[in-house]
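First the structure, in the form of structure tokens, and then the observations on it.
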Amino acid sequence: MARITLRAPETALIVVDVQSGLAPYIFEGEKTTSRISFLAEIANLLDVPVFVTEQNPTKMGSTVDSLKAHLDPTRTFAKMEFGAHLCGEFMRALEASGRRKVVLLGLETHICISLTAQGLQEFGYEVAVCPDGVSARTQERHKLGMERIRDAGIVPAHTESVAYEWLESADHPRFRDALRIVKAHSG
């Protein structure tokens, strides 16, 4: 199993295809979207860039409204490719960020998340996927996707563990602000 240490100044958060045409059909979709929102809020607090992809948005719609408040529209990229690593515009922006570690959230675990995770890993990125921040249309598809991701040597990490890893210490100057976000999303 691969190891990865996630430090905020070295990491980018990638939110894959959480779109209005797909999200209503996702297993535990509201719970998954809430975890994505949580980590996007923490990322914004700690200056971790958040990149977003939208799969064929003319057909699948844009990112769900509940996430848009936490996302920078200038870092949102339309794609036709299932693996985001194949989208040139997205990859140029990610490369320009200088971040070589990525955390993936979004839809669907067994397709776009798995392909993106493996593709970024092949391109030399250190990749973590948050099982509580990804899902698919069925629990079985999600489970199989996570098995494939883990079998590829990609690290699973809970969204809350990523947040605390980014903070590193209770002495972090933004710790109390982060704790408010943690409490707002617990339960």
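The values are calculated or read from the model by the stated rules, or taken from the named source; none is laboratory data. In this text, all values refer to a predicted model and were calculated from it rather than measured experimentally. We place every Cβ from the backbone using ideal geometry, glycine too, and count neighbours over all the protein chains shown.
All but one of (1) within 21 Å of R141 (Cβ to Cβ); (2) within 16 Å of the chain's Cα centre (by Cα); (3) hydroxyl-bearing (S, T, Y) hold for S66, so report the exception by its number.
Unmet condition: (1).
Among the residues of region 56-93 satisfying the criterion of being at pLDDT 95 or above and of a type in the set (S, T, N, Q), which is farthest from L46 (Cα to Cα)?
Checking each candidate, the answer is T58.
With respect to E89, determine if the residue is over 20 Å from A8 (Cα atoms), more than 16 Å from the chain's Cα centre (by Cα), free of Cβ contacts under 8 Å to residues at least 40 places away in the same chain and assigned to a helix (DSSP H, G or I).
Criteria met by E89.
Here is a list of conditions, (1) out of contact with any helix residue (DSSP H, G or I) (no Cβ under 8 Å at 6 or more places or on another chain); (2) assigned to a strand (DSSP E or B), and V15 meets all of them except one; can you say which number that is?
(1)
Let me confirm something: among E30, E41, which residue is part of a helix (DSSP H, G or I), in contact (Cβ under 8 Å) with a residue 60 or more places away in the chain and either surrounded by fewer than 16 Cβ atoms within 10 Å (Cβ to Cβ) or not small (G, A, S) (or both)?
After ruling out the rest, the residue left standing is E41.
Scan region 69-98 residue by residue and report those that are surrounded by 15 or more Cβ atoms within 10 Å (Cβ to Cβ) and under 20 Å from F38 (Cβ atoms).
H70, L71, R75, T76
Given (1) out of contact with any Phe, Trp or Tyr (no Cβ under 9 Å at 6 or more places or on another chain); (2) in contact (Cβ under 8 Å) with a residue 40 or more places away in the chain; (3) among the hydrophobic types (A, V, I, L, M, F, W, C), where does A170 come up short, assuming only one miss?
Condition not satisfied by A170: (2).
Name the one entry in P156, P173 that is at pLDDT 95 or above, surrounded by fewer than 17 Cβ atoms within 10 Å (Cβ to Cβ) and under 14 Å from the mean Cα position of the chain (by Cα).
P156
Starting from region 15-26, take each residue that is within 14 Å of L67 (Cα to Cα) and of a type in the set (S, T, N, Q) and list its partners that are at pLDDT 95 or above and assigned to a loop (DSSP other than H, G, I, E, B), counting only C-beta distances under 7 angstrom and pairs at least six apart or across chains.
What qualifies is Q19/G61; Q19/S62; Q19/V64; S20/G61; S20/S62; S20/V64.
For region 141-148, indicate whether the set of residues that are free of Cβ contacts under 8 Å to residues at least 40 places away in the same chain, of a type in the set (A, V, I, L, M, F, W, C) and buried (at least 17 other Cβ atoms within 10 Å of the Cβ) is non-empty.
Yes, there is a match, as at least one residue in region 141-148 is free of Cβ contacts under 8 Å to residues at least 40 places away in the same chain, of a type in the set (A, V, I, L, M, F, W, C) and buried (at least 17 other Cβ atoms within 10 Å of the Cβ).
So which of C130, C112 is under 18 Å from Y25 (Cβ atoms) and touching a residue at least 12 places away in the same chain (Cβ under 8 Å)?
Among C130, C112, only C112 is under 18 Å from Y25 (Cβ atoms) and touching a residue at least 12 places away in the same chain (Cβ under 8 Å).
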